[in-house]
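Engineer: I'd like to ask you about the structure that follows.
The values are calculated or read from the model by the stated rules, or taken from the named source; none is laboratory data. Since the structure is predicted, the reported quantities are computational estimates derived from the model, not experimental observations. Heads up, the Cβs are rebuilt from the backbone with ideal geometry, glycines too, and the neighbour counts pull from every protein chain shown.
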Amino acid sequence: MREMKIPFVDLARQYRALRTELHATLDEVGHSGVYIMGERLEAFERKAASFCGTRHAIGVANGSDAIFLVLKALGIGAGDEVITCPNSFIATAWTIVAAGAKPVFVDAAEDMNIDTAKIERAITSRTRAIVPIHLTGRPAAMAPVQALTQRHGLAVIEDAAQAIGARYQGKRVGGLGTAGCFSLHPLKNLGVYGDGGLITTDDDALADTLRRLRNHGLRNRDECAQWGFNSRLDPLQAAFAELKLHHLDAWNQRCREIASQYRAALAPQIQVPVDSPDEECVYHNFVIRTPQRDALRDHLAARGVDTRVHYPIPIHLQDAARDLGYREGDFPNVERFARTMISLPIFPELTDEEVAYVATSVTSFFERSRQPAEVGAAA
């Protein structure tokens, strides 16, 4: 097989495919003269709510603000605790801290999502919410989370930043809790050309509060109902997102096809992710695990294959988290994953030839070294 250069992601490929539509959208919004709020934002919100199967969708400035604003809208703050998992991007935790609450961490299960069997022991009288993270585009096990929150009277805030379009028990993420929070960052499955975020909910009162909070707390142009924030999704990015939403199911399906090709080529030699019967993953990332992670990354780089690690330092071991009181060894699964996981290239425009090259490059490393990977399939 000829040598190739395989980027981890290539956003320009998607842009070239959509260039004519994107330029027409830019021209339309430009001629409208409406660049903050307005009908183009509302049109995207209606279609996003329909896509996610919720009553409401609220566009905000970014995915971090989505979580932060939900916490503020629910009145979560000083003295409160919010349970989540520490193997995520730092934004899941800093938003809790920024709201004035304390992140309380629970270890991950083998699917790399929060271990639902360990959540209840972390619940205290100060717990107000659980933030399950649909990591890598794989839905967390929401049925146990829903049962726990109903029993203890807690909110469920889905961190669905990496998982738009994924399904759990036939229902889209974002409609499985009190609210769903999405990132529209360019690297996400539904990405815009800058920052953007989205909140989904079935709660009418919560939606009304969120719409005020994202826009300075304003009830209308002249009346301020409450202290708020400036976190609006602008109409141009909303229009781009609306355009891309029409393609999202096809893009997610292509990522599932790529995942299937990787799985067939790499298992059972290497640990690979597989869907459980309850879930439909959208494979924002395709993560394999091996104790030889760093050597494998070097081998792949030498063959022109770009990779990433999501994430090499768990949140509880970050310098920013020192005051939370956690130590190395507190979450052994999360820490093991941080040492062994590697994300392979996966995006809709990746060709079958490129996928085969990546897979062959991975298997050639283990054939050459004759060293074992973590074998099997991650649930």
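Engineer: Can we say Asn252 is crowded, with 18+ Cβ neighbours inside 10 Å, polar (S, T, N, Q), part of a helix (DSSP H, G or I) and not assigned by TED's automatic domain parsing to the domain that holds Phe51? Working first, answer last.
Structural biologist: On the way: crowded, with 18+ Cβ neighbours inside 10 Å: yes; polar (S, T, N, Q): yes; part of a helix (DSSP H, G or I): yes; not assigned by TED's automatic domain parsing to the domain that holds Phe51: yes.
When the stated conditions are applied, Asn252 passes them.
Engineer: Using beta carbons and a limit of 9 Å, which pairs, at least six apart or on different chains, have the first residue in segment 92-108 and of a type in the set (Lys, Arg) and the second one surrounded by fewer than 21 Cβ atoms within 10 Å (Cβ to Cβ)?
Structural biologist: Partner pairs satisfying both residue conditions: Lys102/Gly79; Lys102/Asp80; Lys102/Glu81; Lys102/Arg126; Lys102/Leu324.
Engineer: Of these, Gly59, Gly30, which one is farther than 19 Å from Arg212 by Cβ, at pLDDT 95 or above and assigned by TED's automatic domain parsing to the domain that holds Pro186? Walk me through how you get there before you give the answer.
Structural biologist: On the way: Gly59 fails: farther than 19 Å from Arg212 by Cβ.
That would be Gly30, the only listed residue that is farther than 19 Å from Arg212 by Cβ, at pLDDT 95 or above and assigned by TED's automatic domain parsing to the domain that holds Pro186.
Engineer: Evaluate segment 218-234: report whether one residue or more is in contact with a Ser or Thr (Cβ under 8 Å, 6 or more places away or on another chain), on the phi < 0 side of the Ramachandran plot and crowded, with 19+ Cβ neighbours inside 10 Å.
Structural biologist: Among the residues of segment 218-234, not one is in contact with a Ser or Thr (Cβ under 8 Å, 6 or more places away or on another chain), on the phi < 0 side of the Ramachandran plot and crowded, with 19+ Cβ neighbours inside 10 Å, which makes the answer no.
Engineer: Can you pull out every residue in segment 79-114 that is under 16 Å from Leu317 (Cα atoms) and part of a strand (DSSP E or B)?
Structural biologist: Step one: filter segment 79-114 for residues under 16 Å from Leu317 (Cα atoms), giving 84-94, 97, 102-108.
Residues satisfying the conditions are Thr84, Lys102, Pro103, Val104, Phe105, Ala108.
Engineer: I've got another one for you. Counting just the residues of segment 106-132 that are under 15 Å from Ile157 (Cα atoms) and within 18 Å of the chain's Cα centre (by Cα), which one comes out surrounded by the fewest Cβ atoms within 10 Å (Cβ to Cβ)?
Structural biologist: Applying the filter and picking the extreme gives Asn113.
Engineer: Among the candidates Ala57, Ala43, single out the residue that is assigned to a strand (DSSP E or B) and in contact (Cβ under 8 Å) with a residue 60 or more places away in the chain. Lay out the reasoning, then the answer.
Structural biologist: Values: Ala43 fails: assigned to a strand (DSSP E or B).
Step by step, each of Ala57, Ala43 is checked, and only Ala57 is assigned to a strand (DSSP E or B) and in contact (Cβ under 8 Å) with a residue 60 or more places away in the chain.
Engineer: Quick one: Gly329 ticks every box in (1) at positive phi; (2) in contact with a strand residue (DSSP E or B) (Cβ under 8 Å, 6 or more places away or on another chain) bar one, so which box is it?
Structural biologist: Of everything listed in (1) at positive phi; (2) in contact with a strand residue (DSSP E or B) (Cβ under 8 Å, 6 or more places away or on another chain), Gly329 misses just condition (2).
Engineer: Another one. Do you know which of the residues in segment 314-325 that are in a loop (DSSP other than H, G, I, E, B) and surrounded by 14 or more Cβ atoms within 10 Å (Cβ to Cβ) is farthest from the chain's Cα centre (by Cα)?
Structural biologist: Here is the first cut: in segment 314-325, the residues in a loop (DSSP other than H, G, I, E, B) are 314, 318, 325.
So of that shortlist, the ones also surrounded by 14 or more Cβ atoms within 10 Å (Cβ to Cβ) come out as 314, 318.
On the way: Pro314: 16, Gln318: 20 Å.
Here the residue is Gln318.
Engineer: Please go through segment 342-356 and pick out each residue that is in contact with a Ser or Thr (Cβ under 9 Å, 6 or more places away or on another chain) and either in contact (Cβ under 8 Å) with a residue 60 or more places away in the chain or in a helix (DSSP H, G or I) (or both).
Structural biologist: To start, the set of residues in segment 342-356 that are in contact with a Ser or Thr (Cβ under 9 Å, 6 or more places away or on another chain) comprises 342-345.
Residues satisfying the conditions are Ser343, Leu344, Pro345.
Engineer: Could you say whether any residue in segment 176-185 is out of contact with any helix residue (DSSP H, G or I) (no Cβ under 8 Å at 6 or more places or on another chain), modelled with pLDDT of 95 or more and either surrounded by fewer than 19 Cβ atoms within 10 Å (Cβ to Cβ) or β-branched (Val, Ile, Thr) (or both)? Outline the logic, then answer.
Structural biologist: Restricting attention to segment 176-185, the residues satisfying the condition of being out of contact with any helix residue (DSSP H, G or I) (no Cβ under 8 Å at 6 or more places or on another chain) are none.
The answer is no; no qualifying residue exists.
Engineer: A further question follows. Given the conditions (1) touching a Leu at 6+ places or on another chain (Cβ under 9 Å); (2) of a type outside the set (A, V, I, L, M, F, W, C); (3) under 24 Å from Arg13 (Cα atoms); (4) in the same structural domain as Arg40 (by TED's automatic domain parsing), report the number of the one that Lys188 does not fulfil.
Structural biologist: Only one criterion is unmet by Lys188, namely (1).
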